[in-house]
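The values are calculated or read from the model by the stated rules, or taken from the named source; none is laboratory data. Because the structure is predicted, anything quoted here is derived from the model rather than measured. Glycine gets a Cβ as well: all are built from the backbone with ideal geometry, and neighbour counts include every protein chain shown. The protein model used for the area step is the full one, side chains on, heavy atoms only, and it has no ligands, DNA or RNA in it. Shrake-Rupley method; radii C 1.70, N 1.55, O 1.52, S 1.80 Å.
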Amino acid sequence: MSASLKTHFLGFNYENPLMNASGVHCMSTTELNELANSKAGAFITKSSTPNDRAGNPSPRYYSVPLGSINSMGLPNKGIDYYLEYVLDRQTKYPDAGPIFFSVAGMSVDDNLNMLHKIQDSAFNGVTELNLSCPNVPGKPQVAYDFELTIEILTKVFAFFKKPLGVKLPPYFDFAHFEIMSDILNKFPLTYVNSINSVGNGLYIDVEKESVVIKPKDGFGGIGGEYVKPTALANVRAFYTRLNPSIKIIGTGGIRTGQDAFEHLLCGATMLQIGTELQKEGVPVFDRVAKELQEIMDKKGYKTIDEFRGKLNSL
């Protein structure tokens, strides 16, 4: 009997731990339906803002051999578009797993207003608050500003009673792992999603002697194989520091079943795929799931829980 990829999260057994990363293949209801009908265990909406946004000028995404660089600028159709979709879907498919809903306002007030709207709605899934987007010009990403992170989460949990996770940027210093873990452990979070893209990379077209994306003079977020070691480090660091009640979603560099296995071994419960989904489309979920299952069968694991988080040290 083959290994089971069933994953228990939020009181529901998903068929497997695979999801899209918010921002990829989830802009329209057509794309969201393709995700829902794919072999992904779950899916998440495009990060929404209070109103629709066109995003940054093109070219704003560029695929490279080991990953991608992008500066999308949060293009989306606005919170009402996605909220209407998820409410309709949960009515039509009441037995399906909880849907993930992403919000990424351009200011603290944006986020609070959107979360109030979700709290007041009939949405019964889980919300992901993106703390890894710039907040104020000249300021760092929200989650690099520890005092601001505390302020936002305090305000959010004063009224938000539904399941909530946060998406974080990558951290590179043990002190920052400790500081952020201490902050997050003070709040009733459902999960932490690590990582968002590695910010402000640069890729060059040597023939043209030019950058490859237009916004920000070519600076953009790096994803794909480039970032997997950083993603694994963040997953492991938070898995070993956060309260057991706060689960980890592993994101970054998942291209194969082995990549998925490594994220799970570091402690992730769910897994999000971004760059490879952009390159391959929704069939990526079926392929990665089969490859993960083959690895588990070869190692003799019947369930993911048998090895999740059990990374050995030397």
Once you put a point 7 Å from the Cα of Val206 and another 7 Å from the Cα of Ile183, both along the Cβ direction, what distance in nm separates them? 4.1
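To check you understand DSSP bridge types, tell me what percent of the beta bridges within the chain (both residues inside) are antiparallel, rounded to 5.
Roughly 45 percent of the DSSP beta bridges within the chain come out antiparallel.
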Selected from Lys155, Lys228, Lys46 as most flexible by GNM, with the chain as the system and alpha-carbon contacts under 10 Å: Lys155
What shape does region 174-291 have by the C-alpha gyration tensor, where a ≥ b ≥ c are the square roots of the eigenvalues, rounded means a/c under 1.5, and otherwise prolate means a/b greater than b/c and oblate the rest? oblate
Gaussian network model of the chain, Cα springs within a sub-10 Å range: biggest mean-square fluctuation belongs to which of Phe100, Phe43, Phe174? Phe174
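In percent, what relative contact order does the chain have, based on Cα pairs under 8 Å that are 6 or more apart in sequence?
21
Can you give me the relative contact order of region 228-314 as a percent, contacts being Cα pairs under 8 Å and 6 or more apart?
Relative contact order here is 31 percent.
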The simple spin-label model distance between Val108 and Tyr93, using points 7 Å out along Cα→Cβ, in nm, is 3.8
GNM on the chain, Cα springs under 10 Å; top mean-square fluctuation among Pro98, Pro75, Pro17 goes to Pro75
Take every Cα pair under 8 Å in region 62-184 that's 6+ residues apart, average their separations, divide by the length, and report that relative contact order as a whole percent. 22
By its C-alpha gyration tensor, with a ≥ b ≥ c as the square roots of the eigenvalues, how is region 1-121 shaped: rounded for a/c under 1.5, else prolate for a/b larger than b/c, else oblate? oblate
Please give, to one decimal in nm, the separation of the simple spin-label points placed at Ser2 and Ala54, each 7 Å out from Cα toward the Cβ. 4.7
Distance between region 276-314 and region 204-257 - C-alpha centres, whole angstrom: 19
Rounded to a whole %, the carbon-and-sulfur portion of the accessible area of the chain at a 1.4 Å probe is 52
Cα radius of gyration and Dmax for the chain (Å): 18.5, 56
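Provide the FRET efficiency to the nearest 0.05 for the Leu66-Lys39 pair, computing r from the beta carbons and using R0 = 30 Å.
Working: r = 25 Å, r/R0 = 0.83.
Between Leu66 and Lys39 the formula returns 0.75.
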Quick note, region 22-67: a/c under 1.5 would make it rounded; otherwise a/b > b/c is prolate and the rest oblate (a ≥ b ≥ c, C-alpha gyration tensor); here it is oblate
Once fully extended, how much extra length lies between Lys162 and Ser313, figured as 0.36 nm per residue of separation less the alpha-carbon to alpha-carbon distance? 50.7 nm
May I ask which residue of Thr127, Val64, Tyr85 lies farthest towards the positive end of the charge dipole of region 64-176, with charges of +1 (Lys, Arg) and -1 (Asp, Glu) on Cβ and the Cα centre as origin? Tyr85
Hey, can you find the accessible area per residue of the chain for me, probe 1.4 Å, expressed in square angstrom? 45
